[in-house]
Amino acid sequence: MTPDVRCLAEKPAHVPDNLVFQVDCFDLPGMEDDAQLAWLRLKAEHPPIFWTPYNGGHWIVTQSDDIKLLHTDHERFSHRTLMIPPIQMEKPLVPIMLDPPEHTPYRRLMMKAFAPAKLDLLEARARVLAKELVSELAPKGECEFVVDFAEKVPISVFLEMMGLPLEDRPYLMTLAGATGHNSDQEARAKANNAIGEYVEKWLQERLARPCDDTISMIAHGEVEGKRISYEDALSMLRLMLGGGLDTVVHMMSLSVLFLARNPGHRRQLVEDPDLIPNAVEELIRRHGLSNTAREIVYDFEHKGVRFAKGDVIQQANCLYGLDEELVEDPLTISFNRPRPIVHAAFGSGPHVCPGSMLARREIKVCLDEWLRKIPDFSVKSGSKPKTATGLINGIAEVELVWKPN
């Protein structure tokens with residue numbers, strides 16, 4: 001039965017009273033200013049592992065070693081539950097809600113969409129779109145960055161890759177926001193159903209009339225030498241659509257917001273564009289987005305804490321790249337930070353995000369083209385960026401100004 005998030009869950013018998021804290025991941029104090037700092041404060045003020053009755057009742061881990069453990073130890077921490085609060089589904093989303101080795105052949109099929117040659121084409125398309133948009137915006141002297149730029153470039157590239165009409169972008173963005181930033185189970189279920197109906201329409205179209213796009217590739221693909229089933233193809237496409245719509249938008253918007261507030265860093269990239277790839281990685285490290293979950297596979301004890309089969313456990317991936325034991329001075333963004341830049345913004349282990357390389361390329365291209373035409377900009381006086389928190393630490397609105405050119 002789907003948990004009712006309007007009520008606090010009853011504490012299970014195996015959870016000790018001293019590990020129970022009233023924490024709602026959709027409403028952390030300070031999230032409206034800096035979601036990552038809000039998670040850091042939570043880490044400092046609570047035990048490394050604790051239980052909350054909010055959102056169906058679940059564990060939260062905040063230490064980097066435990067976050068990595070949840071990413072990599074699928075024998076004890078299953079991917080079949082990914083969200084807080086959990087969504088009850090008839091069938092798991094393929095392959096993300098499957099564990100190795102079952103998930104591996106499906107992931108292999110999905111990765112064909114992100115082959116290096118295809119990434120080169122998508123990057124080139126992103127650059128064309130970014131140039132066009134910046135040229136349109138530069139003479140205006142102001143914009144709301146999320147809607148006017150960030151939502152247009154990566155999502156247009158993604159929709160072209162999938163073979164979906166660009167005019168559907170506003171509708172799909174609304175659905176993406178409802179699934180990633182809403183604790184209301186009914187609203188999230190409704191949005192997920194709408195995504196499923198939308199994808200199914202296009203899956204049926206491409207089964208009848210295939211073309212050179214990702215939907216056709218999945219629809220007519222093979223898994224372990226056999227034609228993929230209709231249900232599994234539908235599941236994979238739902239996953240790709242849900243995962244590809246808003247994460248790059250939020251990361252790009254958070255990165256530009258940082259540059260708007262920090263002119264020294266901005267000038268550094270304007271004067272030395274070769275630093276942009278390193279800057280992208282550093283900005284990703286500081287602004288980790290996802291707060292995903294896992295399901296306990298069987299009863300066991302870890303660090304003195306008893307977990308029971310079926311327990312749900314959440315990790316804030318942003319905390320991995322903000323760990324002082326892993327990263328020197330983690331709250332300071334340094335575009336000269338030596339590689340490798342440590343973070344888990346895209347996860348790690350067998351389920352690392354398949355679109356992570358495309359995301360990096362798109363953010364790099366957009367920063368490159370924006371700074372080339374609009375090198376000096378700031379947050380509009382009197383405005384305050386609006387956050388979009390929950391399962392994704394995002395940003396919903398950033399008003400920028402600059403001298404028109």
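The values are calculated or read from the model by the stated rules, or taken from the named source; none is laboratory data. All values derive from a computational prediction rather than experimental measurement. Glycine also receives a Cβ, built like all others from the backbone with ideal geometry; neighbour counts cover every protein chain displayed.
Worth a mention:
- Flag for residue 366 being among the hydrophobic types (A, V, I, L, M, F, W, C), closer than 27 Å to residue 83 by Cβ and buried (at least 16 other Cβ atoms within 10 Å of the Cβ): no
- Residue 237 vs. criteria in contact with a Phe, Trp or Tyr (Cβ under 8 Å, 6 or more places away or on another chain), aliphatic (A, V, I, L, M) and either surrounded by fewer than 21 Cβ atoms within 10 Å (Cβ to Cβ) or assigned to a helix (DSSP H, G or I) (or both): yes
- Within region 41-66, the set of residues being part of a loop (DSSP other than H, G, I, E, B), touching a helix residue (DSSP H, G or I) at 6+ places or on another chain (Cβ under 9 Å) and of a type in the set (Ser, Thr, Tyr) comprises 62 only.
- Under the condition of being under 23 Å from residue 276 (Cβ atoms) and more than 23 Å from the chain's Cα centre (by Cα), the residues counted in region 370-400 number 10.
- Residue list for region 207-236, restricted to those being hydrophobic (A, V, I, L, M, F, W, C) and free of Cβ contacts under 8 Å to residues at least 40 places away in the same chain: 207, 208, 219, 233, 234
- For region 77-98, the criterion of being under 17 Å from residue 303 (Cα atoms) and either of a type in the set (Gly, Ala, Ser) or in contact with a Lys or Arg (Cβ under 9 Å, 6 or more places away or on another chain) (or both) is met by at least one residue.
- Considering the conditions (1) crowded, with 18+ Cβ neighbours inside 10 Å; (2) within 24 Å of the chain's Cα centre (by Cα); (3) part of a helix (DSSP H, G or I), residue 269 is excluded by exactly one of them, (2).
- The single residue among 69, 98, 82, 93 that is over 18 Å from the mean Cα position of the chain (by Cα) and not in a helix (DSSP H, G or I) turns out to be 98.
- The test for being among the hydrophobic types (A, V, I, L, M, F, W, C), within 22 Å of residue 351 (Cα to Cα) and in a helix (DSSP H, G or I) holds for residue 284.
- Residue ID - surrounded by the fewest Cβ atoms within 10 Å (Cβ to Cβ), chosen from residues in region 307-323 that are modelled with pLDDT of 95 or more and out of contact with any His (no Cβ under 7 Å at 6 or more places or on another chain): 309
- Comparison of 338, 350, 385 shows that the only residue that is surrounded by fewer than 21 Cβ atoms within 10 Å (Cβ to Cβ) and more than 30 Å from residue 121 (Cβ to Cβ) is 338.
- For region 224-234, filtering for residues that are buried (at least 21 other Cβ atoms within 10 Å of the Cβ), assigned to a loop (DSSP other than H, G, I, E, B) and of a type in the set (Gly, Ala, Ser) leaves 0.
- Top-ranked residue of region 11-32 - restricted to ones that are at pLDDT 95 or above and charged (D, E, K, R), ranked as farthest from residue 48 (Cα to Cα): 11
- Scanning region 110-144 for residues that are in a helix (DSSP H, G or I) and in contact with a strand residue (DSSP E or B) (Cβ under 6 Å, 6 or more places away or on another chain) turns up just one, 137.
- Meets criteria (farther than 24 Å from residue 10 by Cα and either in contact (Cβ under 8 Å) with a residue 12 or more places away in the chain or hydrophobic (A, V, I, L, M, F, W, C) (or both)) for residue 95: yes
- Cβ-Cβ contacts under 6 Å between residues 6 or more apart (or on different chains), taken from a first residue in region 367-386 that is modelled with pLDDT under 95 to a second residue that is of a type in the set (Gly, Ala, Ser), are listed as 386/396.
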